[in-house]
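Asks: Got a structure for you, written out below as structure tokens; questions coming shortly.
The values are calculated or read from the model by the stated rules, or taken from the named source; none is laboratory data. On a predicted model such as this, the values are computed, not experimentally measured, just so you know. Cβ placement follows ideal geometry from the backbone for every residue including glycine, while neighbour counts extend to all protein chains displayed.
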Amino acid sequence: MTKYFAYGSNLNMEQMAFRTPFATSEGQMYIDNWRLVFRGVADIEPHEGSRLAVGMWKITKPDEDNLDRYEGVKHGLYRKEDILGMMTYRMNSVEIVPPYEDYFNTILRGYRDFGLDTDLLYEALDDSWMRKTRADIW
């Protein structure tokens, strides 16, 4: 079993039940000096003074393989990283792009599934509109 933390759509328990049928939820935590950002989809980055809300999972090798496919690891969209002894995914892009509403709502449901502070999610959304690096969106 691998310890994995989610911060985006993989917080959504309904989606994870479909994607990772052998995974078990291990509760929530907050990681200091990291924050959620949107690059069209969720990503994280180090940021002094910030807090990152995450859901923790224990996943099997088949679950991890499914997540690798979903996250586009083979195609270079995300890469795996170890942070605080847990596996997670980080994007290879640095562009800031606000998320689509349906995608954001999927994450919001996940925040509620884990009992996480939704203010942090809305801060990331607001930040993405202020920092967006592409003018041609929406």
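Asks: Looking at residue 132 and the list (1) surrounded by fewer than 13 Cβ atoms within 10 Å (Cβ to Cβ); (2) basic (Lys, Arg); (3) at pLDDT below 95, which single condition is not satisfied?
Replies: It fails just one condition, (1).
Asks: Just one of the numbered conditions (1) modelled with pLDDT of 95 or more; (2) of a type in the set (Ser, Thr, Tyr); (3) more than 15 Å from residue 123 (Cβ to Cβ) is not true of residue 93; which one?
Replies: So the condition that residue 93 fails would be (1).
Asks: I need the full set of residues from the range 117-138 which are in a helix (DSSP H, G or I) and of a type in the set (Val, Ile, Thr), in order please.
Replies: Keep residues of the range 117-138 that are in a helix (DSSP H, G or I), which gives 118-131.
Scanning the range 117-138 gives a single hit, 118.
Asks: Among the residues of the range 80-129, what is the count of those that are closer than 18 Å to residue 27 by Cα, surrounded by fewer than 18 Cβ atoms within 10 Å (Cβ to Cβ) and among the β-branched types (Val, Ile, Thr)?
Replies: 2
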